[in-house]
Amino acid sequence: MEKIYGKFVKHKSLYRYNDEMHDFFREYKRNGDVELSNVFSKEIGQMKYFENFDLITYIPSIHSHFKKRQFNPVKELYKQLPLENIFKIIDENDSSQAMKTRTERLKVSQKFQVIKDISEVKKIVIVDDVYTTGRTLNHAREAILNVNSNCEVETFSLAR
């Protein structure tokens, strides 16, 4: 458990972000090679960790990124899991996180709104591809807690 923005956040990642992972994500996301999701999706789908949650949700793609790639990189990585999209992006005028400095990433305002009824859900995990500053996942977590403060929310990324 780690304290981020004054709150304790339970986060788990499968791999450490290193040069090889950087190269993987460059090919996968920037060059749009969707087939590379298969490198990790089966392993992720077999993890017992995800059986502990009532709901597994993911970080949606900004429309311009989806239009360019024609796929959501996060959804593809976790395609072996019963994913449910509960978020709407309310701030689409945002440049790529990869192009921002750490300081710029930390200043990004809330961009998620929960669009499904999750009032009865007790335990949620939010999945993402890469955890850098934690800002994106924390925004998603805050959006969930704003509509269901009794819910336990954890986060998971392929790499950190």
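The values are calculated or read from the model by the stated rules, or taken from the named source; none is laboratory data. Being a predicted model, the structure only gives us computed values, none of them experimental. Cβ sites come from the backbone with ideal geometry, for glycine too, and all protein chains shown count toward neighbours.
Taking the criterion of being in contact with a strand residue (DSSP E or B) (Cβ under 6 Å, 6 or more places away or on another chain), assigned to a strand (DSSP E or B) and either at pLDDT below 95 or at positive phi (or both), the residues of segment 1-27 that qualify are Glu2, Val9, Lys10. Within segment 50-67, the set of residues being of a type in the set (Phe, Trp, Tyr) and out of contact with any strand residue (DSSP E or B) (no Cβ under 7 Å at 6 or more places or on another chain) comprises just one member, Phe66.
Just give me the residues in segment 28-47 being out of contact with any strand residue (DSSP E or B) (no Cβ under 9 Å at 6 or more places or on another chain) and modelled with pLDDT of 95 or more, in sequence order.
Matches in segment 28-47: Asp33, Val34, Glu35, Leu36, Ser37, Asn38, Val39, Ser41, Lys42, Gly45, Gln46.
Being of a type in the set (Gly, Ala, Ser) and part of a loop (DSSP other than H, G, I, E, B) is a condition met by no residue of segment 35-55. Within the set Ile89, Ile44, the sole residue that is within 16 Å of the chain's Cα centre (by Cα) and within 22 Å of Val114 (Cβ to Cβ) turns out to be Ile89.
Looking only at segment 111-151, which residues are of a type in the set (S, T, N, Q), in a loop (DSSP other than H, G, I, E, B), touching a residue at least 24 places away in the same chain (Cβ under 8 Å) and loosely packed, with under 14 Cβ neighbours inside 10 Å?
Ser119, Asn150
Here is a yes/no grid of residues against (1) surrounded by fewer than 13 Cβ atoms within 10 Å (Cβ to Cβ); (2) part of a helix (DSSP H, G or I); (3) modelled with pLDDT of 95 or more:
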site: Ser61; (1), (2), (3): no, no, no
site: Lys67; (1), (2), (3): yes, yes, no
site: Lys75; (1), (2), (3): no, yes, yes
site: Leu81; (1), (2), (3): no, no, yes
site: Asn85; (1), (2), (3): no, no, yes
site: Ser95; (1), (2), (3): yes, no, no
site: Thr103; (1), (2), (3): yes, yes, no
